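Enquirer: Here it is: the structure, laid out below.
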């Protein structure tokens, strides 16, 4: 796992993606977060809406970073077949609410990652609430 000052991140193993994601969120670094995703990736927001394309993902992550105070979690499972990996993590995040308060949101994610030609891994599909543990009280 590598984090560089120039917002470049790389996962040498698929399970490192979760650690890097949390580190980039906690650093509020949208460019580093985007580096964890393939350009044609598909993601879901915390309400389950589909996000496709780098511009839409950037917009979502920018909004997410504006309210997230801290995120923690860990990898639950990784299954690898060739250059494709299925991952899952358990996570919890402290979010700012519109009224100035805080709320804690938890979830169990599911992701598909693909190994790149340079040997690093990136998310291809990301659903942070694949198993919805506690939906957010306020939409993003």
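Enquirer: Which members of segment 78-93 meet the condition of being surrounded by fewer than 16 Cβ atoms within 10 Å (Cβ to Cβ), in contact (Cβ under 8 Å) with a residue 24 or more places away in the chain and closer than 11 Å to residue 111 by Cα?
Expert: Correct list: 84, 86.
Enquirer: When you check residue 68 against the structure, is it touching a residue at least 40 places away in the same chain (Cβ under 8 Å), surrounded by 14 or more Cβ atoms within 10 Å (Cβ to Cβ), more than 16 Å from residue 12 (Cα to Cα) and in contact with a strand residue (DSSP E or B) (Cβ under 7 Å, 6 or more places away or on another chain), yes or no?
Expert: On the way: touching a residue at least 40 places away in the same chain (Cβ under 8 Å): yes; surrounded by 14 or more Cβ atoms within 10 Å (Cβ to Cβ): yes; more than 16 Å from residue 12 (Cα to Cα): yes; in contact with a strand residue (DSSP E or B) (Cβ under 7 Å, 6 or more places away or on another chain): yes.
So residue 68 fits the description; yes.
Enquirer: Kindly check whether there is at least one residue in segment 90-105 that is under 13 Å from the mean Cα position of the chain (by Cα), closer than 19 Å to residue 130 by Cα and not in a strand (DSSP E or B).
Expert: Going residue by residue through segment 90-105, those that are under 13 Å from the mean Cα position of the chain (by Cα) are 90-93.
In the following step, the residues that additionally are closer than 19 Å to residue 130 by Cα were identified as 90-93.
Retained after the next criterion (residues that are not in a strand (DSSP E or B)): none.
There is no residue in segment 90-105 that is under 13 Å from the mean Cα position of the chain (by Cα), closer than 19 Å to residue 130 by Cα and not in a strand (DSSP E or B).
Enquirer: In segment 49-60, which residues are touching a strand residue (DSSP E or B) at 6+ places or on another chain (Cβ under 9 Å), in contact (Cβ under 8 Å) with a residue 12 or more places away in the chain and assigned to a helix (DSSP H, G or I)?
Expert: Of everything in segment 49-60, those that are touching a strand residue (DSSP E or B) at 6+ places or on another chain (Cβ under 9 Å), in contact (Cβ under 8 Å) with a residue 12 or more places away in the chain and assigned to a helix (DSSP H, G or I) turn out to be 54, 57, 60.
Enquirer: Looking at 29, 55, which one is loosely packed, with under 13 Cβ neighbours inside 10 Å and either over 14 Å from the mean Cα position of the chain (by Cα) or modelled with pLDDT of 95 or more (or both)?
Expert: Working: 29 fails: loosely packed, with under 13 Cβ neighbours inside 10 Å.
Just one listed residue meets the conditions, 55.
Enquirer: Here's a follow-up. Would you call residue 75 in a strand (DSSP E or B), touching a helix residue (DSSP H, G or I) at 6+ places or on another chain (Cβ under 6 Å) and in contact (Cβ under 8 Å) with a residue 60 or more places away in the chain? Step through it out loud before you land on a result.
Expert: Values: in a strand (DSSP E or B): yes; touching a helix residue (DSSP H, G or I) at 6+ places or on another chain (Cβ under 6 Å): yes; in contact (Cβ under 8 Å) with a residue 60 or more places away in the chain: yes.
When the stated conditions are applied, residue 75 passes them.
The values are calculated or read from the model by the stated rules, or taken from the named source; none is laboratory data. No experiment lies behind these values; they were computed from the predicted model shown. FYI the Cβ positions are ideal-geometry reconstructions off the backbone, even for glycines, and counts take in every protein chain you see.
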